[in-house]
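A.B. asks: One structure is given below, represented as structure tokens, and several questions about it will come after.
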């Protein structure tokens with residue numbers, strides 16, 4: 001799945017400068033520098049060499065600069081870069097953003113593609129934008145940060161996690177500032193740039209109150225329609241065979257959830273429903289749940305929901321296992337409804353090979369996909385399938401070709417998500433205490 005602003009956009013925009021700079025200095029080994037002449041938005045390259053007869057330049061920096069001079073005032077040498085980065089960090093931590101930016105600019109004057117200095121300079125500019133006296137000054141600082149981030153992206157093809165987080169902070173701040181100042185065309189350009197980097201900002205934009213004007217802007221509506229049409233076409237192609245091969249069976253469940261409230265398929269008529277078969281002991285299940293939560297947040301407004309049926313390997317009596325599962329769900333902050341997977345429900349699911357298993361049901365209550373396996377690959381497949389089903393009008397499933405009874409299997413991960421078939425549901429990984437699977 002592509003990146004999303006749901007978690008890293010507006011939240012990251014509120015992080016302090018000190019923490020951002022702390023990440024910039026003292027990090028692990030970086031990739032080998034690959035300078036691109038003129039890549040820095042502030043300096044076209046190294047300073048010009050001294051011309052013969054130019055008496056205005058000192059013979060050596062060391063001979064003319066006291067050892068105790070402030071780093072911000074010293075002529076900077078390549079050997080001083082690491083020290084200067086630390087000084088810039090201390091200045092930023094103390095709130096002296098002007099001094100931090102001056103030092104970082106001087107580093108970039110002699111090392112235009114210094115990765116830490118580029119990262120730090122963009123972070124400082126974002127923080128300076130927050131304290132700007134006027135809207136125009138704020139936009140100027142954000143545009144400066146944007147220029148630095150573009151230089152970072154041009155120089156290093158693969159951005160690391162903190163750089164992607166920096167981009168997310170910048171995009172959200174830049175987008176909001178441009179909308180507030182009526183620069184809607186520029187806001188649309190920012191969205192296009194974020195999409196090129198790998199973010200999907202549209203769901204966050206739809207929920208952000210500050211961006212109402214943008215949502216009503218024709219150019220934005222046209223862009224969203226085009227992006228979603230392309231994504232839908234790709235999704236249809238990727239899941240077409242999975243839909244054709246999905247098992248055909250009735251899964252009209254009628255049970256009670258962990259809060260002892262009725263839970264039936266009829267309650268979700270008109271919605272696309274994902275049923276997650278999982279267990280607290282199943283590592284791939286737990287690794288998949290955050291992705292399911294994100295899917296639910298992403299498509300909830302369009303008529304999508306998620307529920308879970310829990311199966312416990314060490315305690316197969318659902319009534320005895322329920323209290324512990326309920327406590328686990330509460331502790332893990334799982335937001336959707338959970339019920340216990342009874343033997344009666346298990347018997348109605350053909351080819352239940354292991355956990356996690358996802359059952360996708362369309363608006364008409366028909367099972368359209370059964371996917372065994374977890375992790376990012378499974379969540380990505382489910383995302384595509386959900387897009388397709390949400391686009392279908394009611395009754396569309398009746399026109400689908402008659403499927404076979406073979407469930408889909410997610411692409412294999414480094415660690416297998418399911419074990420060998422068994423009469424009882426198999427486990428994704430061996431539990432600490434063996435289950436009672438015959």
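A.B. asks: For the structure I just gave you, tell me whether residue 180 is assigned by TED's automatic domain parsing to the domain that holds residue 131, over 24 Å from residue 302 (Cα atoms) and either touching a strand residue (DSSP E or B) at 6+ places or on another chain (Cβ under 8 Å) or free of Cβ contacts under 8 Å to residues at least 40 places away in the same chain (or both).
C.D. replies: no
A.B. asks: Name the residue that is nearest to residue 335 (Cα to Cα), counting only residues in the stretch 308-325 that are buried (at least 21 other Cβ atoms within 10 Å of the Cβ) and touching a strand residue (DSSP E or B) at 6+ places or on another chain (Cβ under 6 Å).
C.D. replies: Applying the filter and picking the extreme gives 308.
A.B. asks: Same structure again: Somewhere in the stretch 158-166, is a residue over 18 Å from the mean Cα position of the chain (by Cα), farther than 24 Å from residue 209 by Cα, assigned by TED's automatic domain parsing to the domain that holds residue 210 and modelled with pLDDT under 95? So that I can check it myself, show each step before the final result.
C.D. replies: Our first condition is that a residue be over 18 Å from the mean Cα position of the chain (by Cα); within the stretch 158-166, this holds for none.
No, because not a single residue in the stretch 158-166 is over 18 Å from the mean Cα position of the chain (by Cα), farther than 24 Å from residue 209 by Cα, assigned by TED's automatic domain parsing to the domain that holds residue 210 and modelled with pLDDT under 95.
A.B. asks: Determine whether residue 190 is touching a residue at least 12 places away in the same chain (Cβ under 8 Å), within 22 Å of residue 388 (Cβ to Cβ) and within 20 Å of the chain's Cα centre (by Cα). Even if it seems obvious, please write down each step before you answer.
C.D. replies: Working: touching a residue at least 12 places away in the same chain (Cβ under 8 Å): yes; within 22 Å of residue 388 (Cβ to Cβ): no; within 20 Å of the chain's Cα centre (by Cα): yes.
For residue 190, the condition - touching a residue at least 12 places away in the same chain (Cβ under 8 Å), within 22 Å of residue 388 (Cβ to Cβ) and within 20 Å of the chain's Cα centre (by Cα) - is not met.
A.B. asks: While we're here: State whether the residues of the stretch 66-78 include one that is modelled with pLDDT under 95, assigned to a helix (DSSP H, G or I) and touching a helix residue (DSSP H, G or I) at 6+ places or on another chain (Cβ under 9 Å).
C.D. replies: Yes, that holds for at least one residue.
The values are calculated or read from the model by the stated rules, or taken from the named source; none is laboratory data. Predicted model, so just to flag it, every value in this text is computed and none were measured. Ideal geometry is used to build each Cβ from the backbone, glycine not excepted, and the neighbour counts take in all protein chains shown.
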